[in-house]
Structures are given as structure tokens and as C-alpha cells.
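Chemist: Let me begin by handing over the structure; questions about it come next.
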Amino acid sequence: MARNIWATKSIEQLKQDAEAGHGDGHGGGVTLKRTLGPWNLVALGIGAIIGAGLFSLTGIAAANNAGPAVTLSFVLAAVGCAFAGLCYAEFASMIPIAGSAYAYSYATMGELMAWIIGWDLVLEYAVGAATVGISWSGYFVSLLHGWGINLPPEFIASPWQPVKLPSGELVHGIINLPAALIVLIVSYILSRGTEESAFLNSIMVILKVAVVLVFIAIGYSFINPVNYTPYIPESTGVFGEFGYSGILRGAAVVFFAFIGFDAVSTAAQEAKNPQRDMPIGIIGSLVICTILYVLFSHVMTGMVNYTEFKGVAAPVALAIDKTGIAWLLPTIKIAILAGYTSVILVMLLGQSRVFFSMSKDGLISKFFSDTHPKYHTPAKSNMFFGVIVAGFAAFAPISLVGEVTSMGTLLAFILVCAGIIIMRKKAPDMPRAFKTPLVPLVPILGILFCSAMMLSLLTDWSHVARLFGWLAVGMIIYFTYSVKHSRLQKSVQ
């Protein structure tokens, strides 16, 4: 029986699916409740954006790639993100359903490309949550050390990456237990309800932004201008290791930090007024966080020489130690832990919602779109992914998971930008609550920026192999299961 793997879903079909996938919360099935307003969506974006990229990957990118010029890496990443963000905003206002880039690709490029991007997004959110879980563990260990409590080294580190203890000792562990536990706890919270999770996220976001502002204000007076010299360290001769190529490679590494607006779009099916509020959530969170990122990274690399961040999972704690302000250290670490928790929450939320949409389309098991009869969340999916992501967090090194996530994110952004060009040709008169300006220029620039940053990550073929290995597994699943169970394939035969 012939299958059309390039078959697309019409906008009308997508909207009907959205209406069939939410309700008043009665009846179970695949219902999702519309409970999120514009502030909730902005908070979701900030909750996802301000996290590992700011508190952890900033130090990694400065130490390995850009030095003090990591601020320029953030600017470069933000420019590319702005182009992609504008495209996401238009799609989210047109197609307000839970699948994010997966759903957009289904409408523009067909089922096979939708599957590829959906499978890619699952990796993006899973590895993203694991990255933040590892960073959460680093700050948690540092906080306990300040209180005189030292956890056994074998239970706070991955076997494949040494972790620098607060004492300065480098250790190899057996399992990163705190990282795994926080992922499992957040997964349980998500399974209990989206509205409750969003309220908790808003509280944590307020704490996190307050911490960033306090750090910038206090840290500014501890800046040593010597740490900015040279601002762009001389290249080692290897692409991506300092010099101008290091700024580009650094931008690709910290690009992971900007996937928050992507996660906002996965919550579209739970937004009260998605046509108006989704663009506000996406663009508002991106603008706010970009300003904070540049200021924060400038202060942090001014307080501590970039060479000191090598192998440090909690660079902000190292910078705070330089101030000698006793009360500041535990206060900021507690708030950072709360902030990290919000990042994990949004990443896991996005992951389960993408699989929710794929499951409804018949591409994966119905297990992932079953909702809890009381809480109206995909609770089974939440806990399933909680266990998988906890495994990543327990055993994977942060540098690995961070760069793999950046590659997956960049691929998703490229396809969304291309989708806007296709949709303007395919449905030029369709109502759009928000329109990307200067089409096709903005989408093309988004594709070029994201492609350049993705190429800068291709120097390490191990990351490429892992990404394409994941996609190869996805293709096997698609051609052996998904194409046979696809609702769309059945409808067109």
C-alpha cells in the first residue's frame, strides 16, 4: 500500500486537532485545559532561558572558546535567535497547538520532516533538562559545602567527567544523584497539573531575575579590568578555540540558553488567548533575557579571569566567592537552585507536549497522549521522560549534553524559518495575529545565522555522530511503526 511520507496537514486540520485536544477539563481522554495567560507565557520563556546558559554554559564558553568576548557570543546568538523568534511568533499565532516546530513542519514540509523535527525536539528538551540538572547538582553541592555538609564524591559526579569540588579537588564519581533526583521531583510536579506548575514557575522566575539583578549590581564593583585583557584571546590555531572563530563557536554553545521561546510555543494549546499571547510570550521573554545575559556575562568575566572557569560546573559560585560577602553566597545559590528548577520544569513540559501531539497523530504510541483523569496532564508521559532524563543527568557530562542540545535546537530553528517562507506562499491570505516582518529576508537571515552556528559545532564529529545516530533511530521507528499508524496516512488512502 502506497504511503505519501510528504503529505501535509492542512491548517484547518491542525486547528481542529487543537480544539479536540483541550476542553473544560471533564471527560479525560486527550484534553488539555487553557489556563495560561500572557504573564504565564513570558514567565515560562524566562524560566527556560535564564538557566544553564547563564549560570553554567557562560563559564564553559568563556573558558574554552571566547574568553571575555563571551558577551559578543551572547549578542551573536541573540541576533540569530531574534530572527527565529519572529518566525516562531507568527507560527504560534497561526497554529496554536502543543506541537511547536513539529506541528509547523507538518503543515509546511510534510509528515517525514515533521517526524524528524519532532524526534529532534524530544532530544533537545531531554538533553536540555539533563544539562540543567547537572548544573543544579553543582550548585546544590556547593551550597551544602558552605553549610559544612559534604556529600560523598562518588554520588555527585558522572563517571566520565571530573567535577571540581568546592575544596578544589577534581573527582570522578559513580552517579550524579542530586541531578537525577531533581529531574524526578519536577516530573512528578508536572504530572499534577499545568496551572499549578506554572504558578510555581512564576515564583521561581521572580526569584531568579532578582538574583541576576543583585549579582549584576554587586558584582559590578568587583570587576577587575585586567580580566578583560585581552578581550578577544588570541586563537590557538584550532577553529573555535578563541579568536573570532571562538566567538562564533561560543555563540553556538550558549545558543542552548535561548531555547526558552521554543518551549513557550509548545504550551500554545494551554494558552487562554494564543493568537495574542503567544507572540508576547515568545518575543517578550527573548528581549528581557538577552539584556540580562549580556550584562551578566560581562560582570562575571570581569570578576574572574576566564581561565579559572575551566572544568567548573558552578562558575557563578566561583565569582561570588571572590566578593567575600558571606551572606550573598548562600542567598544567591538558593535562588539559583530555584531558577534552575524552573528551567527543568519548562524543558520537561515542552518535551511531553511534543510527544503529546505526535501521539495524537498516531506516529507514536497512544501512551504519550493519555491524560490523567483528575489532573488532565499527560502524567504517564511526564514520569516516563522523568526516568529517561534522570538517567542522562546521572551519567552524562555537561559539556556533551550542552553541545548536542545546541545542535538539535539550531536544526529546529532552521526548519521553522524555512516554514514561514513556505507558508507565505502556500497560504498568503490566512489570518495572522502576528506577522514576521521583512519576509523572506528575516527567515533567510535566521537560516544563515543558525546554519553558521551549527557548522561551528561540526568540528567535533562525536557530537555530529550522536545527533545523527539519534535521528537514525528515529527513522527506523518512523518507517517500521509511525507510517503504518499515522492518522494522516490513513485519511489520504
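Readers should treat all values here as calculations from the given coordinates under stated rules, not as data from a laboratory. The shown structure was predicted, so the numbers you read here are calculated from the model rather than taken from an experiment. Virtual Cβ from ideal backbone geometry, glycine too; neighbours counted across all protein chains shown.
Chemist: Please work out the Kirkwood hydrodynamic radius for region 278-432, using every pair of different C-alpha atoms, and report it in angstroms with one decimal place. Write out the running numbers ahead of the final one.
Modeler: Numbers: mean 1/r = 0.0511 Å⁻¹.
19.6 Å is the Kirkwood radius here.
Chemist: Now for a separate question. Put +1 on the Cβ of every Lys and Arg and -1 on every Asp and Glu Cβ in the chain; which of ILE291, THR71, VAL141 then has its Cα farthest towards the positive end of the dipole?
Modeler: ILE291
Chemist: Dipole magnitude of the chain about its Cα centre, charges +1 at Lys/Arg Cβ and -1 at Asp/Glu Cβ only, in debye to the nearest 20? Could you put the intermediate results ahead of the total?
Modeler: Numbers: 28 positive and 24 negative charges, 196 e Å.
Roughly 940 debye for the chain.
Chemist: Shifting gears a bit: Between LYS380 and LYS310, how many nm apart are label points set 7 Å from Cα along the C-beta direction?
Modeler: 5.0 nm
Chemist: Pick out, from PHE368, MET454, PRO178, the residue whose Cα sits farthest towards the positive end of the charge dipole of region 11-492, with +1 on the Cβ of Lys and Arg and -1 on the Cβ of Asp and Glu.
Modeler: Going by the charge dipole, the pick is PHE368.
Chemist: How far is helix 177-191 tilted off the main Cα axis of the chain, in degrees rounded to 10, range 0 to 90?
Modeler: Relative to the chain, helix 177-191 is tipped by roughly 30 degrees.
Chemist: Could you list the chymotrypsin sites (Phe, Trp or Tyr not before Pro) in region 242-314 that lie in coil according to DSSP, counting only those with at most 11 other Cβ atoms within 10 Å of their Cβ?
Modeler: Answer by residue number: there is no such site.
Chemist: With a point put 7 Å past each Cα toward its Cβ, work out how far GLN275 is from LEU448 in nm, to one decimal.
Modeler: 3.4 nm
Chemist: Once amide H atoms are built 1.01 Å from N in the peptide plane, which residues 5 or more positions from ILE364, or in another chain, come under 5 Å H to H?
Modeler: Amide H neighbours of ILE364: SER359.
Chemist: Follow-up question, since we're still on this one. Which FRET efficiency value, to the nearest 0.05, is calculated for VAL464 and TYR231 with the Förster distance at 30 angstrom and r the Cβ-Cβ distance?
Modeler: Numbers: r = 31 Å, r/R0 = 1.02.
Step by step, r from the Cβ atoms, then E = 0.45.
Chemist: Would you grab the residues whose amide H sits under 5 Å from the one on LEU36? Only those 5+ places off in sequence or on another chain, please, with H modelled 1.01 Å from N.
Modeler: When sequence neighbours closer than 5 places are left aside, the close amide H contacts are ALA271, LYS272.
Chemist: Just from its helices, what would the mean residue ellipticity at 222 nm be for the chain, if runs of 4 or more DSSP H residues each count -39500 (n - 2.57) and the sum is divided by every residue, rounded to the nearest 500 deg cm²/dmol?
Modeler: -21500 deg cm²/dmol
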